[in-house]
1. Looking at Val138, Val123 in this structure, which one is within 30 Å of Leu227 (Cβ to Cβ) and in contact with a Cys (Cβ under 8 Å, 6 or more places away or on another chain)?
2. Only residues that are hydroxyl-bearing (Ser, Thr, Tyr) and within 21 Å of Ala203 (Cβ to Cβ): list them for segment 18-70, please.
3. Go through segment 134-143 and give me each residue that's more than 26 Å from Leu111 (Cα to Cα) and either modelled with pLDDT of 95 or more or acidic (Asp, Glu) (or both).
4. One residue is enough: does segment 153-166 have a residue meeting the conditions farther than 20 Å from Pro70 by Cβ, touching a residue at least 40 places away in the same chain (Cβ under 8 Å) and buried (at least 22 other Cβ atoms within 10 Å of the Cβ)?
5. So is Tyr21 within 26 Å of Asn244 (Cβ to Cβ), surrounded by fewer than 18 Cβ atoms within 10 Å (Cβ to Cβ) and among the hydroxyl-bearing types (Ser, Thr, Tyr) or not?
6. Among the residues of segment 33-78, what is the count of those that are part of a loop (DSSP other than H, G, I, E, B) and closer than 16 Å to Gly128 by Cβ?
7. Please work out if Val93 is surrounded by fewer than 16 Cβ atoms within 10 Å (Cβ to Cβ) and among the aliphatic types (A, V, I, L, M).
8. The conditions are (1) modelled with pLDDT under 95; (2) closer than 23 Å to Phe45 by Cα, and Pro257 fails exactly one of them. Which is it?
Amino acid sequence: MLAQQVKEVTSKVVEFDAPMYPSPEAERLARKQHLAAAYRALSLFGMDEGVAGHVSVRDPILTDHFWLNPYGVYFGHIRASDLLLVSPSGEVVQGEGRLHRPAFSIHSGVLAARPDLQSAAHVHSIAGKAVAAGTRRVLPLTQDATAFFERHEIWEYEGALLDPDEGKRMAYKLADGIALILANHGLLTVGTTIDAAIWRIIAMERSCVVQLLAEAAGPVVLIKDDLARKTGCLVGSEKEGWLNFQPLLQRLVREQPDLLD
């Protein structure tokens, strides 16, 4: 009975048609602008840390290529024109700046292994690192946290991410999920749109904050598995991820219009 309920809910909200664009070139520009907004969002929420962290988006024309931030540029200053177009072999084919090799290792492997994905996001956020320092996942303590229920795994720490195959192994661990807790490291989320991926990393960090606060305050009450599973199909869908980023995108474009340049 529960499986049928989940299937019915999923059929209503998980299937999501992303916005259509008049040309591949227009879609490329839109994806770059949304990626620039994603970096600005991480800065706005204090989820940047020096040169650590990165977000990618697949190119809609050269679909085995992806856009990434230039290494060492402050997230709060990134514009669409600053982004680097990176080939599957790690060559920067468009844009100026240095490519961060660990970022290439993660994003090239994950995007190659999951052709359904448009984007991946990785951060060294404070609450995310605190949860990653333990052995527990994001718990279904709140409605928002159910988005990750049974949809994320823990990736064991292997040191600095310098092995080009490490992203592929991460993708294998991710399977068909939406997130990883990188043990002793940080968080990683994915999405079929850049909007969903970046909203998920924000939501995952906030869920980690709530979890740490709640557990410090005393005994916690978990949402029951069947209810967490059913609710997670709603709040964790691609559509909901995309929708939840739109108000933030509107704010960023109005307050920081140079990100579109």
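The values are calculated or read from the model by the stated rules, or taken from the named source; none is laboratory data. Here the structure is a predicted model, which is why all the values come from computation and not from measurement. Please note: Cβ atoms are built from the backbone with ideal geometry, for glycine as well, and neighbour counts cover all protein chains shown.
1. Values: Val123 fails: in contact with a Cys (Cβ under 8 Å, 6 or more places away or on another chain).
Every option except Val138 fails the conditions.
2. Within segment 18-70, the subset hydroxyl-bearing (Ser, Thr, Tyr) is 21, 23, 39, 43, 56, 63.
Within segment 18-70, Tyr39, Ser43, Ser56 qualify.
3. Result: Leu139, Pro140, Leu141, Thr142, Gln143.
4. First pass over segment 153-166, keeping only residues farther than 20 Å from Pro70 by Cβ: 153-159, 163, 165-166.
Checking which are touching a residue at least 40 places away in the same chain (Cβ under 8 Å) leaves us with 163, 165-166.
Subset that is buried (at least 22 other Cβ atoms within 10 Å of the Cβ): none.
Checked against the condition, which is being farther than 20 Å from Pro70 by Cβ, touching a residue at least 40 places away in the same chain (Cβ under 8 Å) and buried (at least 22 other Cβ atoms within 10 Å of the Cβ), segment 153-166 yields no hits at all.
5. On the way: within 26 Å of Asn244 (Cβ to Cβ): yes; surrounded by fewer than 18 Cβ atoms within 10 Å (Cβ to Cβ): yes; among the hydroxyl-bearing types (Ser, Thr, Tyr): yes.
Answer is yes for this residue.
6. First, the residues of segment 33-78 that are part of a loop (DSSP other than H, G, I, E, B): 45-48, 50-51, 53, 59-65, 69-74, 78.
If we keep only those that are closer than 16 Å to Gly128 by Cβ as well, we get 45-48, 50, 53.
Final tally of qualifying residues: 6.
7. Working: surrounded by fewer than 16 Cβ atoms within 10 Å (Cβ to Cβ): yes; among the aliphatic types (A, V, I, L, M): yes.
Taking the combined requirement at face value, the residue satisfies it.
8. (1)
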